[in-house]
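Colleague: Quick one: this structure, given as structure tokens, is what I'll be asking you about.
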Amino acid sequence: MPLLNIKGLRKSYGALEVVAGIDIAVNAGECFGLLGPNGAGKTTTLRLALGLTAPDSGTISLFDLPVPGKAREARIRVGVVPQMDNLDPDFTVRENLMAYGRYFGLKDAETARRIPALLEFAGLEHRADARIDALSGGMKRRLTLARALVNDPDLIFLDEPTTGLDPQARHMIWQRLRELINQGKTLVLTTHFMEEAERLCDRLCIMDRGKIIATGSPRALIEQHIEPEVLEVVGEEVDAWAEQYGRGLCQRLEKTGEMLFCYTRDSRALLEHLKSQSSLRYLHRPASLEDVFLKLTGKELRD
Ligand code: ADP
């Protein structure tokens, strides 16, 4: 039985259908990703799943309990890392954790017992008495993550867990999330970082304009939608080269800005040819989730 089971879910704001009939089933122990461009409906889907927003139609069950009807009961077993850190700036690190424990009805003594392990997990052992505004962005994110674990949840929702972080801080969060996955926790995360989804998620769905346009493991999605090898080619004469040679030497060509993407099942002839083209520079790489994403959602920018 899936821990989270969503069927035929719809939600409109005014004339805009933000969630347009989606099905999602998240199994115990998996890391499931909701990947999509800005405005795709990811955050709204999370809010619906938590019972924070009422659906127009469809059914949601969380730990076998109907949402929103029994959402409060279900949320006892859930941790949430919201998109914006909403730590209390007037409190210290420890006080923030204590306050959150009370929110879940934990006795202070019980929360206090849990705090050392949470601080260690967050790498904040020496910052227990620091005020929130003295923490870096990465530290705040780690504290928000630790706070979501105060009730020892089985399922953790994370809304864009690494948006706004620098690469070091991002890697640190990824490492912590992998620890949680290894402990057997179930994770549902939204992201628009392909690399994040590819590294962490067992399965994911790609959402666009309120609909799910693909679901599967990162590897399966790549195999299903994209040729296995990619050559990214740039240079002044790339357009002429594409017409004269490129088209015949690969399965599919895409141009984004200055960059020509050549998708191929066998790159040997293409590589051989490119070596003789002194005016072109190229990068040879395996196909990634980003290629799938761009193919399915289009290459235009979304604000
Ligand atoms: P994502 O998380 O994928 O970026 P969201 O779920 O946040 O997408 O938003 C999807 C769309 O729904 C956006 O166009 C957003 O402006 C709109 N939207 C979200 N919440 C509300 C709301 N409470 N009222 C009106 N429009 C909303």
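The values are calculated or read from the model by the stated rules, or taken from the named source; none is laboratory data. Given the structure is predicted, the values throughout are model-derived calculations rather than measurements. Every residue, glycine among them, receives a Cβ derived from its backbone with ideal geometry; neighbour counts consider all protein chains shown. To get the accessible areas, we keep the full protein, side chains included, count just its heavy atoms, and leave off ligands, DNA and RNA. Shrake-Rupley method; radii C 1.70, N 1.55, O 1.52, S 1.80 Å.
Colleague: Collect the residues in the range 28-61 that are farther than 23 Å from G184 by Cα and open to solvent by 30 Å² or more (accessible area, probe 1.4 Å), keeping them in residue-number order.
Modeller: Result: N38, G39, T43, R47, L52, A54, P55, D56, S57, G58, T59.
Colleague: Would you mind stating whether L97 is in contact (Cβ under 8 Å) with a residue 40 or more places away in the chain and more than 16 Å from the ligand (Cβ to nearest atom)?
Modeller: When the stated conditions are applied, L97 passes them.
Colleague: Can you list the helices (runs of 4 or more DSSP H) found entirely within the range 83-177 that contain at least 2 residues being out of contact with any Leu (no Cβ under 7 Å at 6 or more places or on another chain) and open to solvent by 80 Å² or more (accessible area, probe 1.4 Å)?
Modeller: Ranges flagged: 93-103, 108-122.
Colleague: What residue, of R147, R102, is farther than 20 Å from L46 by Cβ and assigned by TED's automatic domain parsing to the domain that holds L48?
Modeller: Working: R147 fails: farther than 20 Å from L46 by Cβ.
Residue meeting the stated conditions: R102.
Colleague: Output the residues belonging to the range 62-78 that are in contact with a strand residue (DSSP E or B) (Cβ under 6 Å, 6 or more places away or on another chain) and open to solvent by 20 Å² or more (accessible area, probe 1.4 Å).
Modeller: Going residue by residue through the range 62-78, those that are in contact with a strand residue (DSSP E or B) (Cβ under 6 Å, 6 or more places away or on another chain) are 62, 67, 73-74, 78.
Correct list: E73 only.
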